[in-house]
Amino acid sequence: RHGDFATARPLLALAEPYLGAGGIGPAQAENYWRQRGWSSLRERDLATARTAFAAAQAVIDAQPADFSTLRAAELGWLRAELALQAGDAVRARAELDAIRSVYEATSPPGHPERGVYARLQARAAWLAGDLDRAARWLQHAAAVPESARSVIDQRQQIALEAAVAAGQGDCAAAQARAAELGRPVTPPDLPHHAAVLAGTLAAAERCGRSN
């Protein structure tokens with residue numbers, strides 16, 4: 001969570017041999033694989049993340065009664081983020097569409113999780129070149145008050161709005177939004193968040209250079 005991947009990797013590796021030991025239930029095994037995948041995803045070790053999430057899903061599939069619908073949907077959310085990091089907009093949208101009803105049922109309008117979900121959909125649409133759809137999802141995300149968003153959520157919202165404006169040819173709006181991210185951030189963006197910002201802001205920068 002704090003970006004100390006050099007410490008996290010060996011600790012997670014030490015725990016893996018104990019997964020088959022007595023007393024380790026499905027919930028603990030699934031949580032281990034989920035956390036290993038999430039740590040790898042933050043680091044942008046996408047291959048390890050993919051393997052870990054598949055192992056977590058296998059545990060859920062083997063013992064579905066041990067896991068809530070929301071718990072299973074959260075794993076779909078992580079796979080969607082993985083697909084976006086890998087540049088696979090089609091897979092990301094499929095994962096997100098599959099869990100949409102769960103998030104809408106468990107998170108009322110204005111809830112921060114609704115904003116997170118909407119931004120993931122916006123990223124998938126932007127990556128696929130569907131700017132109108134991306135803009136619509138960003139409007140849904142903007143319905144969450146800024147006071148309820150994390151710093152990371154707010155930075156991604158701004159960067160995506162800049163990228164969509166650039167794609168629509170509104171370079172002035174794109175540059176204005178992108179300029180809002182010039183402030184230093186503490187703590188610094190983790191690798192997977194930095195990748196999102198870099199990709200979207202590059203679109204705004206290209207728009208500015210072309211005009």
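The values are calculated or read from the model by the stated rules, or taken from the named source; none is laboratory data. Not measured: the values here are computed from a predicted model. Cβ: placed from backbone, ideal geometry, glycine included. Neighbour counts: every protein chain shown. Ligands, DNA and RNA are stripped out before the accessible areas are found, and what is left, the full protein with its side chains, is counted by its heavy atoms. Shrake-Rupley method; radii C 1.70, N 1.55, O 1.52, S 1.80 Å.
Which one of ARG114, ARG136, ARG119 is at pLDDT 95 or above, in contact with a helix residue (DSSP H, G or I) (Cβ under 9 Å, 6 or more places away or on another chain) and more than 17 Å from LEU84 (Cα to Cα)? Write out each step before concluding.
Values: ARG114 fails: at pLDDT 95 or above; ARG119 fails: more than 17 Å from LEU84 (Cα to Cα).
Only one candidate qualifies: ARG136.
Determine, yes or no, whether ASP97 is at pLDDT 95 or above, assigned to a helix (DSSP H, G or I) and more than 19 Å from the chain's Cα centre (by Cα). Write out each step before concluding.
Working: at pLDDT 95 or above: yes; assigned to a helix (DSSP H, G or I): yes; more than 19 Å from the chain's Cα centre (by Cα): no.
In short, no.
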For this session: Please determine, by comparing only the residues of the stretch 52-73 that are touching a Phe, Trp or Tyr at 6+ places or on another chain (Cβ under 9 Å) and β-branched (Val, Ile, Thr), which one is nearest to GLY25 (Cα to Cα).
Result: VAL59
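Would you pick out the residues in the stretch 22-46 that are of a type outside the set (S, T, N, Q) and open to solvent by 40 Å² or more (accessible area, probe 1.4 Å)? Working first, answer last.
So in the stretch 22-46, the residues of a type outside the set (S, T, N, Q) come out as 22-27, 29-30, 32-34, 36-38, 41-46.
GLY22, GLY23, ILE24, PRO26, ALA27, TRP33, ARG36, TRP38, GLU43, ARG44, ASP45, listed by residue number.
Restricting to the stretch 103-122, what's the tally of residues that are in a helix (DSSP H, G or I), open to solvent by 20 Å² or more (accessible area, probe 1.4 Å) and in contact (Cβ under 8 Å) with a residue 24 or more places away in the chain?
Residues that pass the stated criteria total 4.
The rows are residues; the columns are (1) modelled with pLDDT of 80 or more; (2) open to solvent by less than 30 Å² (accessible area, probe 1.4 Å).
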residue: VAL151; (1), (2): yes, no
residue: ARG155; (1), (2): yes, no
residue: ILE158; (1), (2): yes, yes
residue: ALA165; (1), (2): yes, yes
residue: GLY169; (1), (2): yes, no
residue: ALA179; (1), (2): yes, no
residue: ASP189; (1), (2): no, no
residue: THR200; (1), (2): yes, yes
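Yes/no per residue for (1) open to solvent by 60 Å² or more (accessible area, probe 1.4 Å); (2) assigned to a helix (DSSP H, G or I); (3) of a type outside the set (Val, Ile, Thr):
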| position | (1), (2), (3) |
| --- | --- |
| THR48 | no, yes, no |
| PHE53 | no, yes, yes |
| ILE60 | no, yes, no |
| GLY76 | no, yes, yes |
| GLU81 | no, yes, yes |
| LEU84 | no, yes, yes |
| SER101 | yes, yes, yes |
